[in-house]
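Before any comments, here is the structure.
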Amino acid sequence: MTVRLVPYLVMDGNANEAIEFYEKALDAQVLFKQTFGEMPENPEYPLPENTKNLISHATIKVGETELMFSDAFPGQAHQIGTNVTICISTDDAEKAQKYFDGLQDGGKVEMPLQETFFSPAYGSVIDKFGVFFQIFTEGK
């Protein structure tokens with residue numbers, strides 16, 4: 001049996017924008033994407049018309065890892081994802097730089113990508129959606 005940990009990001013109405021951003025920044029591939037409007041209707045929870053295009057569930061693949069997304073269900077409170085940290089690990093310093101550069105676009109660098117005692121290229125950035133990423137390059 002295989003067990004995987006898949007980070008799940010609940011967004012505040014901008015999941016589709018986030019997915020498109022990660023497609024570019026991280027060479028992500030969309031595996032699945034469904035809106036609230038594409039789900040079966042539930043008369044107990046009618047959807048406001050302006051929420052039908054929000055993402056109910058999506059999965060993207062970055063390298064060998066999957067990330068899942070949704071927008072907060074209409075009427076539910078949303079909390080920015082600072083409690084989610086995603087570590088992107090690679091053995092390629094050029095890829096690490098590409099990911100770091102892509103994620104810092106519109107975001108905030110917490111620690112510049114640099115050589116550390118544990119990595120030839122490590123840094124951290126909070127992207128423009130408030131998601132905290134660590135970029136870790138494995139040593140040779």
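The table below gives the values:
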{"item": "Protein accessible area in the chain, 1.4 Å probe - carbon and sulfur %", "result": "49 percent"}
{"item": "Nearest-0.05 FRET efficiency for TYR8 and LYS98, computed from C-beta distance (R0 30 Å)", "result": "0.75"}
{"item": "In sequence order, calculated HN-Hα J values of the range 20-30 (Karplus, 6.51, -1.76, 1.60; Hz; x Gly/Pro)", "result": "4, 4, 6, 4, 7, 5, 10, 6, 6, 10, 6"}
{"item": "Heavy-atom accessible area per residue - the chain, 1.4 Å, Å²", "result": "61 Å²"}
{"item": "Selected from TYR45, TYR99, TYR122 as most flexible by GNM, with the chain as the system and alpha-carbon contacts under 10 Å", "result": "TYR45"}
{"item": "Extension gain from PHE32 to GLU17, taking 0.36 nm per residue of separation minus the Cα-Cα distance", "result": "3.9 nm"}
{"item": "Amide H partners (placed H, <5 Å) of THR35, local residues excluded", "result": "SER56"}
{"item": "Antiparallel content of DSSP bridges confined to the chain, in %, to 5", "result": "65 percent"}
{"item": "Loop-located GluC sites (Glu not before Pro) in the range 23-57 whose Cβ has at most 15 other Cβ within 10 Å (DSSP)", "result": "GLU41, GLU44"}
{"item": "Extended-chain gain in nm, criterion 0.36 nm per residue less alpha-carbon gap, THR85 and GLU110", "result": "7.7 nm"}
{"item": "Probe 1.4 Å - accessible area at LEU54, Å² to nearest ten", "result": "40 Å²"}
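The values are calculated or read from the model by the stated rules, or taken from the named source; none is laboratory data. Just so it is clear, the structure is predicted and the values come from calculations on it, not from any experiment. Quick reminder, even Gly has a Cβ in these numbers, built from the backbone with ideal geometry, and neighbours come from all protein chains shown. What goes into the accessible areas is simple: the full protein's heavy atoms, side chains included, and nothing from ligands, DNA or RNA. Shrake-Rupley method; radii C 1.70, N 1.55, O 1.52, S 1.80 Å.
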